[in-house]
Amino acid sequence: MKVDSIAAWRRFPARSRARVIAPAILAGMLVLASAWTSYRTAGAHAPGIATADVDLVVRAAPAADGAIVSELAAGAEMELTGDASGDYVEVATGGLAGWVDVNAIRAGQIQTATANVLTEITDAPGVDGRLLMVVPAGETVILTGAAVDRYLAASYDGTGGWLLAANLAP
């Protein structure tokens, strides 16, 4: 600022200066929040696409006795949502969401991995996720196709959530 500008600034009452400064600070915070959100989601991957290996039913719940919400013919494509429970993965198809048996999906669409260390499954990707369960080293998890940053969506022993990719054997 020029000297005369500084003198003029000092003539403003403190309350007026706050009215000028506060919006600038808020705008700066919004820019930083937007940049952080862009950074956090930059590592997100689109959900996986799976193909029905056989004619199958889409259920309202992840269980063999779950209500049937739709039926799919062999070869039908569906989007994996990233949620899993036991041997079931959640899918979206034709505007509907539901659960299918992982064994009814073409080989190679659903992957498994082995935990190489004690691994936490949390309810959200990142360090702020709430602990849901712990996977012992050497146990196999079902990977459901979704990934955010360094975290993968997975299911183990009926619990679906997120785990750190580095904790899985290559």
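The values are calculated or read from the model by the stated rules, or taken from the named source; none is laboratory data. All values reported here derive from a predicted model rather than from experimental measurement. Neighbour counts are summed over all protein chains in view; Cβ atoms, including those assigned to glycine, are modelled from backbone coordinates with ideal geometry.
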Task: GLY98 touching a Gly at 6+ places or on another chain (Cβ under 7 Å), closer than 21 Å to GLY75 by Cβ and either part of a strand (DSSP E or B) or without any contact (Cβ under 8 Å) to a residue 12 or more places away in the chain (or both) - done: no
TODO: For LEU80, state whether it is closer than 16 Å to THR51 by Cα, part of a strand (DSSP E or B), hydrophobic (A, V, I, L, M, F, W, C) and touching a strand residue (DSSP E or B) at 6+ places or on another chain (Cβ under 8 Å).
DONE: yes
Open item on the list: Testing LEU131 on (1) of a type in the set (A, V, I, L, M, F, W, C); (2) under 17 Å from the mean Cα position of the chain (by Cα); (3) closer than 28 Å to VAL57 by Cα, one condition comes back false. Which one is that?
Closed with: (3)
- [ ] Output the number of residues of segment 152-170 satisfying the condition of being of a type outside the set (Gly, Ala, Ser), assigned to a strand (DSSP E or B) and within 23 Å of VAL100 (Cβ to Cβ).
- [x] 5
- [ ] For ALA124, indicate whether it is part of a strand (DSSP E or B) and either without any contact (Cβ under 8 Å) to a residue 40 or more places away in the chain or crowded, with 17+ Cβ neighbours inside 10 Å (or both).
- [x] no
Task: Residues (modelled with pLDDT of 90 or more and either surrounded by 14 or more Cβ atoms within 10 Å (Cβ to Cβ) or assigned to a strand (DSSP E or B) (or both)) located in segment 64-77 - done: GLY66, ILE68, VAL69, SER70, GLU71, LEU72
Open item on the list: From the list LEU118, LEU80, exactly one residue is assigned by TED's automatic domain parsing to the domain that holds THR144 and aliphatic (A, V, I, L, M). Which is it?
Closed with: LEU118
Task: Residue within segment 130-145 that is out of contact with any strand residue (DSSP E or B) (no Cβ under 8 Å at 6 or more places or on another chain) and either surrounded by fewer than 17 Cβ atoms within 10 Å (Cβ to Cβ) or among the small types (Gly, Ala, Ser) (or both) present - done: no
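Every residue, every condition in (1) within 30 Å of GLU139 (Cα to Cα); (2) over 23 Å from the mean Cα position of the chain (by Cα); (3) at pLDDT 80 or above; (4) crowded, with 17+ Cβ neighbours inside 10 Å, yes or no:
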{"residue": "ALA18", "(1), (2), (3), (4)": "no, yes, no, no"}
{"residue": "ALA27", "(1), (2), (3), (4)": "no, yes, no, no"}
{"residue": "TRP36", "(1), (2), (3), (4)": "no, no, no, no"}
{"residue": "ALA84", "(1), (2), (3), (4)": "yes, no, no, yes"}
{"residue": "THR93", "(1), (2), (3), (4)": "no, no, yes, yes"}
{"residue": "VAL102", "(1), (2), (3), (4)": "yes, no, yes, yes"}
{"residue": "GLN111", "(1), (2), (3), (4)": "yes, no, no, no"}
